[in-house]
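Remarks on the structure that follows.
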Amino acid sequence: MLEDHSHVLEPLLPPFAACAETRRDLLDIELFPSEAETLGRAVDKRRREFITGRACARLALERLGVAPAAIPGGAGGAPVWPEGVVGSITHCRGFRAAAVARATDALALGIDAEPDAPLPPGVLEEVAHGPELDIVAAGGPGADAGRLLFTAKEAVYKAWFPLTGRWLGFEDARVSLDWPGGTFRAELLVPAPLVAGVDLSTFTGRWSAAGGVICATVAVSAP
Ligand SMILES: CC(C)(COP(=O)(O)OP(=O)(O)OC[C@H]1O[C@@H](n2cnc3c(N)ncnc32)[C@H](O)[C@@H]1OP(=O)(O)O)[C@@H](O)C(=O)NCCC(=O)NCCS
């Protein structure tokens, strides 16, 4: 039985999106054959996060009014959503979640969750560049600044990739944060296409930190 946990993510998403989140494993769902194929022979940790992510996705789809459907992995590892749906999945230690929207409302969603703790040695240098180093140096209340930048960038990537099929490196976007407001903006430093008339050179998102987890979301609204 899935619990109704939508406390962190829901305020970070537009009203047209539906989501589900959990802080424990949800393993009592049946995987569709294509999902089982995506999972393959995985170690226990991966099996638990994959199945729990799919359980959250099922609940989020139900909240959107969409029947349960297979969500296999596709190109670049991105989840393949049922026709007419876009969405995103995240899992980190102690937190798993999914968010979905109708394709008539959103071109893409990106969500990412990370433990609110300093990045491992060496990772910050890959993630933060230029003015982002000032954000890290200044810090802010309630969240590790480096990890927050990382989380925001991964949320951007999860929205970017399904729309473009292209890699985007951490150095390819400059993130600025509104710390008290819980919003962020990512300006791409590489050429970005127009998708359905929407300019992908800038992404805006929301973030929050609670219960030891930083969560960031990006929603690209349909025109
Ligand atoms: C793909 C990536 C963003 C996943 O993030 P993560 O913190 O490692 O892992 P999370 O648990 O939060 O997310 C994993 C889920 O993301 C989704 N995902 C994986 N690849 C994806 C892609 N290319 N596009 C969209 N979603 C993707 C999947 O649903 C996956 O879960 P699943 O395999 O169980 O279905 C990350 O591994 C990565 O490659 N980052 C480098 C690129 C980047 O972030 N650039 C920043 C540009 S500003």
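Quick look at the numbers
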read-out: Angle between the chain longest axis and helix 44-64 axis [Cα atoms, degrees, rounded to 10]; value: 80 degrees
read-out: DSSP-assigned coil residues among trypsin sites (Lys or Arg not before Pro) in the stretch 147-222, each with at most 16 further Cβ atoms within 10 Å; value: 166
read-out: Charge context of residue 64, other residues only, Cβ under 12 angstrom, K/R +1, D/E -1; value: +1
read-out: The stretch 10-103, relative contact order in percent, only Cα pairs under 8 angstrom and at least six apart counted; value: 38 percent
read-out: Computed [θ] at 222 nm, deg cm²/dmol, the chain (DSSP H ≥ 4; -39,500 (n - 2.57); rounded to nearest 500); value: -8500 deg cm²/dmol
read-out: Selection of trypsin sites (Lys or Arg not before Pro), the stretch 1-82, meeting DSSP coil and at most 10 other Cβ within 10 Å; value: 41
read-out: Alpha carbon centroid spacing (whole Å) that separates the stretch 150-213 from the stretch 42-67; value: 24 Å
read-out: Exposed GluC sites (Glu not before Pro) absent - longest run of the chain, DSSP non-H/G/I/E/B, at most 11 other C-beta within 10 Å; value: 84-223
read-out: Share of pairwise Cα separations in the chain, more than 28 Å, in percent; value: 26 percent
read-out: Prolate/oblate/rounded call for the stretch 1-112, Cα gyration tensor, a/c under 1.5 rounded; value: oblate
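Read-outs: derived from the displayed coordinates by stated rules, not from any lab. Bear in mind that the values here come from a model prediction, so they are computed numbers and not experimental data. Methodologically, a virtual Cβ is constructed for each residue, glycine included, from the backbone with ideal geometry; neighbour enumeration extends over all protein chains shown.
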